[in-house]
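Q: I'd like to ask you about the structure that follows.
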Amino acid sequence: MDPRAWRELPFHERVRQSCVAWAQQGYGTPTVGYIFYCLKVGLFIGIWLVACAYTPTLGSPSEIAAWWLEPLAFQKAIATSMLFEVLGLGCGSGPLTGRYMPPIGGFLYFLRPGTTKLPLFPGLPLLGGIRRTWLDVGCYLGLLASLLTVLIHPLPGAEYFAPIAIVAVLAGIGDKTVFLAARSEHYWVLCVCFALTSTWIAEAKLVWLALWFWAGFSKLNHHFAAVVGVMTSNSPVTRFRWLRTAIYRNFPDDLRPSRLASVMGHAGTALEFAVPILLAVGDGGPITTAGLLLMLLLHGYITSNIPMGVPIEWNFVMVYGGMFLFAGYPQVSALDLQPSVLTGFLAVTCIAIPLLGNLFPERISFLAAMRYYAGNWAYSVWLFRGDSYRKLDQHLKKSTPWVLDQLDRFYDRDTSATLLGKVVAFRLMHLHGRALQQLVPQAVDEIEDYTWVDGELVAGAVLGWNFGDGHLHHEQLLAAVQAQCGFTPGELRCVFVESQPLGRRQLSYRIADAHAGQIHAGSIDVEDLLQRQPWPRQ
């Protein structure tokens with residue numbers, strides 16, 4: 001695409017060209033972008049190695065073969081992961097999440113009073129409100145301090161994990177963003193296990209099995225085939241034209257998923273079910289070995305694709321944890337749990353919440369429900385009339401400039417705008433994004449008068465973290481932004497689309513004006529979306 005010519009085209013033609021470009025090139029991330037992620041993984045592993053060096057019963061990196069399957073090494077890996085994520089260094093960082101300069105948010109926001117937050121209970125005294133207070137900063141600092149204490153302590157026992165479990169909840173009550181950024185559905189749950197029992201291998205196995213199982217379960221719908229296409233087109237290791245055209249029905253005229261994409265999607269879903277099943281029934285023999293090999297295949301494939309959102313460190317932890325738990329302790333079964341408070345806690349976090357999250361996705365974060373990379377997520381589109389998006393920079397305290405301004409440090413404005421057109425294409429290439437062809441015209445009369453911004457970019461700039469959870473940029477964030485920016489009627493319109501619930505055929509949606517509130521709501525049949533191309537009709 002020629003950037004200057006692209007900006008002069010009508011909206012529907014710009015979108016069509018962006019979708020075709022995505023199918024051929026993905027986001028088009030420069031090689032240096034991937035080097036950034038490789039260096040970040042090296043930093044992550046280095047922190048863990050240093051933390052293990054503080055433990056006399058473990059040892060130096062040169063002796064890793066002798067200690068990597070020790071329980072303390074695993075516990076320090078979990079503390080390292082939680083610290084890395086809650087600092088903003090893990091998921092949701094770098095250019096593949098719309099962060100260019102600076103490449104992270106996280107602590108740049110969570111340590112700064114006055115930044116926007118999303119409290120669990122907005123009206124709660126002390127921890128409520130829409131702006132971060134020194135108490136919120138204190139809770140966040142307490143979480144960081146608790147995690148660092150575990151990392152540097154030579155022999156951290158249960159009493160060192162209890163503060164993590166408590167302070168993470170307090171920080172999450174003050175700002176849901178912090179709790180989600182810590183990947184609490186995984187790491188916080190394990191810290192609770194470490195705090196309540198010294199024999200936690202079975203409990204940790206249950207967490208790992210749940211993560212795999214519910215990730216597969218969430219893909220039992222029509223959405224995942226489109227994810228395969230989007231991910232394959234963006235992968236730095238599948239740059240083969242024949243493959244990138246074969247995953248679409250008739251490139252470039254029909255970009256719905258091909259039979260090959262559907263087969264790949266079904267194979268991926270089967271793999272995510274096979275891994276937990278084999279590892280659950282295995283006892284260290286050939287079945288366990290088969291499960292571990294499939295686990296390496298699963299996470300190796302995900303990591304090599306470097307998906308948008310870049311949960312790279314999380315995938316490394318899943319592989320390490322799988323080897324530690326199922327190769328290191330095959331004699332312990334995940335079913336070896338005695339009735340206790342901890343067992344009830346795990347029943348809620350690993351079974352009840354994920355199940356309810358699939359049945360009622362509008363009520364539960366897709367992270368808490370473990371519905372990873374299924375393509376069936378809540379999302380939003382924010383439509384700013386003219387340059388009204390500048391109000392975010394003028395009235396909000398934040399550490400991240402407007403995304404176009406970040407890109408302007410590297411490209412001219414025409415190229416920057418064209419690159420952001422790829423973000424629009426990313427959303428529309430997914431099955432759920434095709435609902436916007438119907439919803440955007442209901443939100444605004446003339447799209448050419450508005451700047452289309454994905455809610456992920458808004459959340460990243462305003463909250464300091466984003467990782468695919470549309471509930472971070474729905475009405476609660478809109479209300480917080482409006483209270484500080486004061487958009488006039490029609491100046492900011494938002495389209496909020498929810499996930500498809502298990503067993504139902506519709507996606508529900510809401511259209512809201514920042515000043516006037518909700519102006520329309522309804523639902524769209526997913527079967528209708530299957531017939532649509534990603535780009536809107538003229």
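The values are calculated or read from the model by the stated rules, or taken from the named source; none is laboratory data. No experiment lies behind these values; they were computed from the predicted model shown. Please note: Cβ atoms are built from the backbone with ideal geometry, for glycine as well, and neighbour counts cover all protein chains shown.
Q: Somewhere in the range 451-465, is a residue at pLDDT 95 or above, over 25 Å from G123 (Cα atoms), buried (at least 23 other Cβ atoms within 10 Å of the Cβ) and aliphatic (A, V, I, L, M)?
A: yes
Q: Hey, another quick one. Being more than 19 Å from V481 (Cβ to Cβ), part of a loop (DSSP other than H, G, I, E, B) and either free of Cβ contacts under 8 Å to residues at least 12 places away in the same chain or not hydrophobic (A, V, I, L, M, F, W, C) (or both) narrows it down to one residue among Y140, Y100; which is it?
A: It is Y100.
Q: Go over the candidates L383, L396 one by one and state the one that is farther than 30 Å from W214 by Cα, modelled with pLDDT of 95 or more and crowded, with 22+ Cβ neighbours inside 10 Å.
A: Matching residue, one of L383, L396: L383.
Q: If we only count helices (runs of 4 or more DSSP H) wholly inside the range 155-257, which ones have 2 or more residues that are farther than 26 Å from P330 by Cβ?
A: The helices (runs of 4 or more DSSP H) meeting that bar are 158-174, 176-181, 224-234, 241-246.
Q: Hey, does the range 290-308 have a residue that's at pLDDT below 95, on the phi > 0 side of the Ramachandran plot and surrounded by 16 or more Cβ atoms within 10 Å (Cβ to Cβ)?
A: Yes.
Q: Being touching a Gly at 6+ places or on another chain (Cβ under 9 Å) and either acidic (D, E) or crowded, with 24+ Cβ neighbours inside 10 Å (or both) is the filter here; which residues of the range 169-182 pass it?
A: A171, G174, T177, V178, F179, L180, A181, A182
Q: Of the conditions (1) out of contact with any helix residue (DSSP H, G or I) (no Cβ under 6 Å at 6 or more places or on another chain); (2) among the charged types (D, E, K, R); (3) closer than 24 Å to V275 by Cα, E159 clears all except one; give me its number.
A: (3)
Q: Out of all the residues in the range 21-76, which are surrounded by fewer than 17 Cβ atoms within 10 Å (Cβ to Cβ) and not in a helix (DSSP H, G or I)?
A: Scanning the range 21-76 gives G28, P30, Y54, P56, T57, S60, L69.
Each row is one residue, and each column tells you yes or no for (1) of a type in the set (D, E); (2) free of Cβ contacts under 8 Å to residues at least 40 places away in the same chain; (3) in contact with a strand residue (DSSP E or B) (Cβ under 6 Å, 6 or more places away or on another chain).
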| residue | (1), (2), (3) |
| --- | --- |
| V403 | no, no, no |
| F410 | no, no, no |
| T415 | no, no, no |
| Q438 | no, no, no |
| E446 | yes, yes, no |
| Y450 | no, no, yes |
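For (1) free of Cβ contacts under 8 Å to residues at least 12 places away in the same chain; (2) aromatic (F, W, Y), each residue gets a yes or a no:
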site	(1), (2)
S262	no, no
A267	yes, no
F273	no, yes
P276	no, no
T289	yes, no
L293	yes, no
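Q: Still on this structure, I have one more. So, V424, is that one in a helix (DSSP H, G or I), touching a residue at least 12 places away in the same chain (Cβ under 8 Å), touching a His at 6+ places or on another chain (Cβ under 6 Å) and among the β-branched types (V, I, T) or not?
A: Taking the combined requirement at face value, the residue does not satisfy it.
Q: Next question, about the same structure. When both residues are 6+ apart or on different chains and their Cβ atoms are under 8 Å apart, which pairs have a first residue that lies in the range 73-96 and is of a type in the set (D, E), and a second that is in a helix (DSSP H, G or I) and at pLDDT 95 or above?
A: Going by the 8 Å Cβ cut-off, the qualifying pairs are E85/A181; E85/Y187; E85/E313; E85/W314.
Q: In this structure, does W377 turn out to be buried (at least 22 other Cβ atoms within 10 Å of the Cβ), modelled with pLDDT of 95 or more, assigned to a loop (DSSP other than H, G, I, E, B) and within 19 Å of the chain's Cα centre (by Cα)?
A: The answer is no for W377.
Q: Is it true that L83 is part of a loop (DSSP other than H, G, I, E, B) and aliphatic (A, V, I, L, M)?
A: no
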